[in-house]
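The values are calculated or read from the model by the stated rules, or taken from the named source; none is laboratory data. Here the structure is a predicted model, which means the values were calculated and not measured. A quick note on method: Cβ atoms are made from the backbone with ideal geometry, for glycine too, and the neighbour counts reach across all protein chains shown.
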Amino acid sequence: MVRRVLVVDDDAMVLRGVAKVLSRAGYEVLTAVDVASALEYAEAAPIDAALVDYQLARESGMAVLSTLRQVQPRCVRILITGRSDSAVFVEAVNQGEVAKVLQKPFDGEKLLEGLDEAFHRAAFMIEVARTSGDEAAERDRQAVDEAIRPDLFAMALQPLYDMRTGTPRIFAYECLMRPKHGVLSSPYALLSAAERHERILDLGTLVLRVAGQILEQLPSVADGLPRLFVNLHPQQLADPQRLARDLSALRQPHRVTLEITEQASATRLDRWEESMKVIADGGYGTAVDDLGSGYSSLSILADLQPQFIKLDMSLVRNVHREPRKQRLVQLMTAFGEATGSLVVGEGVECEEEMQTLLDSGVPILQGFHFARPSEHYVPASRPALR
């Protein structure tokens, strides 16, 4: 599995240099120049390591490291800094934010050695925790039980805009988990804990039930009722009978699109074809999510034949500055036109990214440039989980 590394630095030259070294070493690299962009990555998908500059423009990289510690506790956090005073190091270590500090300037060899050392140290600490953490594991299980109670669970909605008419219009909303638990307070933290304790199917049941209630309450838009995009975990495709039962909560299937991530190959599951038949026979649409961020190859498009193809934000970020990304996006839009799929650009943050995607033929856009997710629904009822 390719490790994913987030690099956060507002110095474009440093950012490009670090990204080039890591990419050549076989890492998948995400880059960000500010706290907001970095945290958007952190909320969206697992990150194996983060290298964060101490001083960003008008912001502190410690904010990124602190949030990563909460939302992605398994992420190896590395502070990079040009400062030589010990206060930087003491602050980072005392707060438990970092596994290592790398001082600028550093060459490629030193960078890779430091990252490798940090990964080894993190693996050692995980093993120590595993062998002596029965009490911690029990607390972790209890936290999952609490977090998937409906009264501690909410969903936010982020709009998708159809740009084909020249004037942006709301085409759909994507449902995004917003846990209210004190510890498992981010989507990634809750998903990771649910996976550890084999509660993904219970969490999936709750997500679909809440999504069904949201669907009934969505207000109409200019040209009718909007669609609702809902994420499925790949494990949900392994149990077609339960999936069919859970999907019954979505009573308007023609308005529902089920997102299946490209990061984990759903097509390796024994019964995925039965599950896809359940989805198709039920009248639900499908989308391949995060295309370009995973490792399962483009064959997933042929296997799933989705109605929507969602480009990962790592392809969208700075697309206006990177011709190779532009060519890839253009190829995907051509593929979409040839197969009857609509391409969605996720994570659009600026006017330049938006215009480049439009020029490349992407018809539907989503991201902070248009609207941030807003909490829409906290269920009042408490449906029992099977």
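Name, by its number, the condition in (1) under 29 Å from residue 179 (Cβ atoms); (2) modelled with pLDDT of 85 or more; (3) surrounded by fewer than 20 Cβ atoms within 10 Å (Cβ to Cβ); (4) among the hydroxyl-bearing types (Ser, Thr, Tyr) that does not hold for residue 37.
Unmet for residue 37, out of (1) under 29 Å from residue 179 (Cβ atoms); (2) modelled with pLDDT of 85 or more; (3) surrounded by fewer than 20 Cβ atoms within 10 Å (Cβ to Cβ); (4) among the hydroxyl-bearing types (Ser, Thr, Tyr): (3).
Could you please let me know if residue 256 is farther than 30 Å from residue 67 by Cβ, crowded, with 22+ Cβ neighbours inside 10 Å and not assigned by TED's automatic domain parsing to the domain that holds residue 44?
yes
Tell me the residue from 215, 184, 203 that is surrounded by 22 or more Cβ atoms within 10 Å (Cβ to Cβ), closer than 22 Å to residue 270 by Cβ and assigned by TED's automatic domain parsing to the domain that holds residue 367, please.
Details: 215 fails: closer than 22 Å to residue 270 by Cβ; 184 fails: closer than 22 Å to residue 270 by Cβ.
Matching residue, one of 215, 184, 203: 203.
Yes or no, residue by residue, for (1) surrounded by 14 or more Cβ atoms within 10 Å (Cβ to Cβ); (2) on the phi < 0 side of the Ramachandran plot; (3) at pLDDT below 95:
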| residue | (1), (2), (3) |
| --- | --- |
| 274 | yes, yes, yes |
| 284 | yes, yes, no |
| 287 | yes, yes, yes |
| 334 | no, yes, yes |
| 351 | no, yes, yes |
| 365 | yes, yes, no |
| 369 | yes, yes, yes |
| 373 | yes, yes, yes |
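With respect to residue 348, is the statement that it is in a helix (DSSP H, G or I) and farther than 29 Å from residue 275 by Cα true?
Numbers: in a helix (DSSP H, G or I): no; farther than 29 Å from residue 275 by Cα: yes.
In short, no.
Might you let me know whether the stretch 289-305 holds any residue that is at pLDDT 90 or above and of a type in the set (A, V, I, L, M)? Show your work before the answer.
Narrowing the stretch 289-305 to residues at pLDDT 90 or above: none.
The answer is no; no qualifying residue exists.
Among 115, 160, which is the only one that is farther than 20 Å from residue 236 by Cα, surrounded by 16 or more Cβ atoms within 10 Å (Cβ to Cβ), modelled with pLDDT of 85 or more and not assigned by TED's automatic domain parsing to the domain that holds residue 354? Spell out the reasoning first.
Working: 160 fails: not assigned by TED's automatic domain parsing to the domain that holds residue 354.
When all the criteria are applied, what remains is 115.
Only one of (1) touching an Asp or Glu at 6+ places or on another chain (Cβ under 9 Å); (2) over 17 Å from residue 8 (Cα atoms); (3) at pLDDT 80 or above fails for residue 133. Which number is that?
Condition not satisfied by residue 133: (3).
Taking the condition of being part of a loop (DSSP other than H, G, I, E, B), in contact with a Leu (Cβ under 7 Å, 6 or more places away or on another chain) and closer than 17 Å to residue 37 by Cβ, how many residues in the stretch 356-370 meet it?
Residues that pass the stated criteria total 1.
What is the number of the single condition among (1) in contact with a helix residue (DSSP H, G or I) (Cβ under 7 Å, 6 or more places away or on another chain); (2) within 30 Å of residue 372 (Cα to Cα); (3) modelled with pLDDT under 80 that residue 57 does not meet?
(1)
Are any residues in the stretch 11-69 more than 23 Å from residue 110 (Cβ to Cβ), touching a residue at least 60 places away in the same chain (Cβ under 8 Å) and not in a helix (DSSP H, G or I), and if so, which ones?
45, 46
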